[in-house]
Ligand SMILES: *Cc1c(COP(=O)(O)O)cnc(C)c1O
């Protein structure tokens, strides 16, 4: 039996040829393609600068560092996200805390954020940075979060790992209109891929400079940034800060550049699949994803919630039945604070009630550009079977 994954990359002949061409060229890393990929994404999104790195996790790490996150600081994010959205704060020696989700959209709730900020102001523990995550590709209420950032003085990193190709209020996600930095992931299950890879987008030139330094050992080869030199010395670079090797190779950047040509097509196809699911699932005991009028989702994921009161099985049993039927469904996500590592930091089960409720009912069913109608029918049939009495 051929299984159907929840997500899958789409690689065509042009992608393969582009990579082969780079392999035969003079540069397989730090050549001309990395900057070309950055320019392509920045101009697509309408951002001033883009910094390509080897993963979104790296992008989140250096985004926190570039915004000055360190020991004694607190970073807030949503519990319904991949662990990387929270881990990035811990890498910097900061603490992390979680804001509960909106029960309908599943993104960080602006109401809960406002309440938590009012409380934190009284206790003197305001966050330095808030990291909203555009879950499934659906944008958060960025205008609401931005307004709160003005009032309380925190910075914003959009974790847009799911969301390249989506829009918020008619503008591309990634333009940083309501944030300091936006981050994309190019992992194979995401909207476009470089195998592994990520990118940070910014409008602030100084911030872009800091991100570039952090990406590559803290080294600059820009004479204007170098410390005074003895005229006899031959120095073509200086290390002026502490950075990492988080660079993206040209081999991967060329794949990303080639994938960019089909980005709109990929997202349009995801919307067609989502719409078809919406119709086909309307008679099943599940809640289909609610779309806010302000957003155009990237539809990285299609998450259904089981109406367990109308189903004679547990969440786990439905999940297992689908997997047995060859539908490789997944769960996005276990609330981050329930991971054993975070539980050890002192977070308790039940910390964010809406996130817990979501976690008890959510299942991600397959969505990716190559999913055929026949496969989609198979998914729906298996779900009908798994949820029938
Ligand atoms: C995939 C993902 C990441 C991490 O991306 P990598 O490129 O694999 O490091 C971070 N945040 C979210 C929400 C993700 O889905």
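The values are calculated or read from the model by the stated rules, or taken from the named source; none is laboratory data. Keep in mind the model is a prediction, meaning the values are calculated, not measured. All Cβ positions, glycine included, derive from the backbone under ideal geometry; neighbour counts span all protein chains shown.
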message: Within segment 230-248, take every residue that is within 16 Å of the ligand (Cβ to nearest atom) and part of a loop (DSSP other than H, G, I, E, B) and give me the one that is nearest to residue 165 (Cα to Cα).
response: 248
query: Of all residues in segment 36-63, which are part of a helix (DSSP H, G or I) and more than 18 Å from residue 175 (Cα to Cα)?
result: 57, 58, 61, 62
- request: Could you check how many residues of segment 115-155 are surrounded by fewer than 21 Cβ atoms within 10 Å (Cβ to Cβ) and within 19 Å of the chain's Cα centre (by Cα)?
  value: 2
- prompt: Counting only residues that are in a helix (DSSP H, G or I), surrounded by fewer than 17 Cβ atoms within 10 Å (Cβ to Cβ) and within 16 Å of the ligand (Cβ to nearest atom), how many does segment 290-337 have?
  reply: 0
Among (1) near the ligand (Cβ under 10 Å from one of its atoms); (2) assigned to a loop (DSSP other than H, G, I, E, B); (3) in contact with a helix residue (DSSP H, G or I) (Cβ under 9 Å, 6 or more places away or on another chain), the one test that residue 192 misses: (1)
query: Given the conditions (1) buried (at least 24 other Cβ atoms within 10 Å of the Cβ); (2) free of Cβ contacts under 8 Å to residues at least 60 places away in the same chain; (3) more than 16 Å from the ligand (Cβ to nearest atom); (4) closer than 14 Å to residue 201 by Cα, which single one is not true for residue 176?
result: (2)
field: Verdict on residue 198 being within 12 Å of the ligand (Cβ to nearest atom) and in contact with a strand residue (DSSP E or B) (Cβ under 8 Å, 6 or more places away or on another chain)
entry: yes
message: Is it the case, given these coordinates, that residue 181 is within 16 Å of the ligand (Cβ to nearest atom) and under 18 Å from residue 68 (Cβ atoms)?
response: yes
- request: Within segment 212-229, identify whether any single residue is assigned by TED's automatic domain parsing to the domain that holds residue 164, part of a loop (DSSP other than H, G, I, E, B), under 17 Å from residue 38 (Cβ atoms) and within 16 Å of the ligand (Cβ to nearest atom), and answer yes or no.
  value: no
- prompt: When only residues in segment 32-60 that are buried (at least 24 other Cβ atoms within 10 Å of the Cβ) and within 28 Å of residue 97 (Cβ to Cβ) count, which is nearest to the ligand (Cβ to nearest atom)?
  reply: 56
